[in-house]
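Heads up: the structure comes next, in structure tokens.
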Amino acid sequence: MRIVLVLVFSLSLCAQTTVDAKQPAAPIAPVAPQDYVCPMDKDVRSDKPGFCPRCGMKLVLGIPDDVEYPMELKIRPAVFRAGEKVQLKFRVTDPHTGKTVDHFEVVHERLFHLFLVSEDLQYFVHEHPVPQPDGTFLYDMAFPKPGMYRVAGDFYPTGGTPQLIAKTVIVPGAPGSEVKLANPSLEPELGVSHCTNMDVELVTEPPQPIAGMKTLLFFHIKPGDGIEKYIGAWGHMLVASDDLIDLIHDHPFIADGGPQMQFNIIFPRARTYKIWVQFQRNGVVNTASFTVPVAELK
Ligand SMILES: [Zn+2]
Ligand SMILES: [Zn+2]
């Protein structure tokens, strides 16, 4: 009699387990309002499926917790100097299993966005390493001069959340020469930035940005015609602190294809920040740059 009871008990346990395992794949609970969230702009919510009006990403039903996905960067050849051809290889691993991630969501028409910034904040690159069948990404380049660089990968592993992971690379110069690692002293550069086929003017609100507080960045483009989306967004902005600690990739808060675009940002610290912003006009990608001092909250 006792044996039968035990059997019944374990059978019902099994049944219970099976039902539990099926639940995440087929949710039957009614969807609460505003449950669709943009994985990138988490304040954008909707009660129905669709796309984020700000960055164009597909809204998802509930986002997983923010967990960092380790990104490995290997440079070949292992010994290299400024000006020499090298290959950067990026490998993302799953923080839970340690395995190479080989499924990524498309973000702004690409699987992997690369930002490269030199220590003096004069050199800026936004490129797209080539995906390989094993899940890694390759990018051929030459570092233009000796010094320290920040190399940031921007990607969205399937099942995770969008990531921006930065690595530091020290690039040697001629044999025997020392690599100078000086802190750049950046002069403010506000007003108009002259680009390939447009001028871009920046006006901030408040005029003196304050660390930890929201700053509105208004970009005015002249001429204002022929503005096009560039890889899925009206504009792309990378913000870097002068010590290269803070890196932020952002998209317009308000944009409609007209000559004015608004980005909202919270500068994390009272430092000087370099801003690169990219807009496309008549098929040409323009990169405007500004240097903005950020004050402490008093
Ligand atoms: Zn990109
Ligand atoms: Zn972007």
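The values are calculated or read from the model by the stated rules, or taken from the named source; none is laboratory data. Given the structure is predicted, the values throughout are model-derived calculations rather than measurements. Using ideal geometry, Cβ is built from the backbone for each residue, glycine included, and neighbour counts are taken over all protein chains shown. Just the protein is used for accessible areas: all its heavy atoms, side chains included, with ligands, DNA and RNA removed. Shrake-Rupley method; radii C 1.70, N 1.55, O 1.52, S 1.80 Å.
Tabulated data for the structure shown
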read-out	value
Among (1) in contact with a His (Cβ under 7 Å, 6 or more places away or on another chain); (2) open to solvent by less than 40 Å² (accessible area, probe 1.4 Å); (3) more than 16 Å from ligand 1 (Cβ to nearest atom) - the single one Glu201 does not satisfy	(2)
Filter pass, Met71 being in contact with a Cys (Cβ under 6 Å, 6 or more places away or on another chain) and either within 16 Å of ligand 1 (Cβ to nearest atom) or closer than 16 Å to His249 by Cα (or both)	no
Every residue from region 210-252 that is buried (at least 16 other Cβ atoms within 10 Å of the Cβ), within 17 Å of Asp41 (Cβ to Cβ) and more than 16 Å from ligand 1 (Cβ to nearest atom)	Thr215, Leu217
Subset of region 155-180 that is closer than 30 Å to Ile63 by Cα and of a type in the set (A, V, I, L, M) - its residue that is surrounded by the fewest Cβ atoms within 10 Å (Cβ to Cβ)	Leu164
Tally, over region 93-150, of residues that are more than 16 Å from ligand 1 (Cβ to nearest atom) and farther than 19 Å from Trp276 by Cβ	19
Hits in region 181-198 - residues which are among the hydrophobic types (A, V, I, L, M, F, W, C) and open to solvent by less than 80 Å² (accessible area, probe 1.4 Å)	Ala182, Leu186, Val192, Cys195, Met198
Given (1) more than 16 Å from ligand 1 (Cβ to nearest atom); (2) modelled with pLDDT of 95 or more; (3) not acidic (Asp, Glu), number of the condition Gly153 does not satisfy	(1)
Hits in region 84-123 (condition: within 24 Å of Gly173 (Cα to Cα) and either under 16 Å from the mean Cα position of the chain (by Cα) or open to solvent by 40 Å² or more (accessible area, probe 1.4 Å) (or both))	Glu84, Lys85, Gln87, Lys89, Phe90, Leu114, Phe115, Leu116, Val117, Asp120, Gln122, Tyr123
Listing of strands (runs of 3 or more DSSP E) fully contained in region 43-137 that carry 3 or more residues being away from ligand 2 (no atom under 16 Å from the Cβ)	71-76, 86-92
Matching strands (runs of 3 or more DSSP E) fully within region 216-298 where at least 1 residues are touching a residue at least 60 places away in the same chain (Cβ under 8 Å) and within 19 Å of Val192 (Cβ to Cβ)	272-281, 284-293
Conditions (1) in contact with a His (Cβ under 6 Å, 6 or more places away or on another chain); (2) in the same structural domain as Glu109 (by TED's automatic domain parsing); (3) over 19 Å from Phe115 (Cβ atoms): number failed by Gly159	(1)
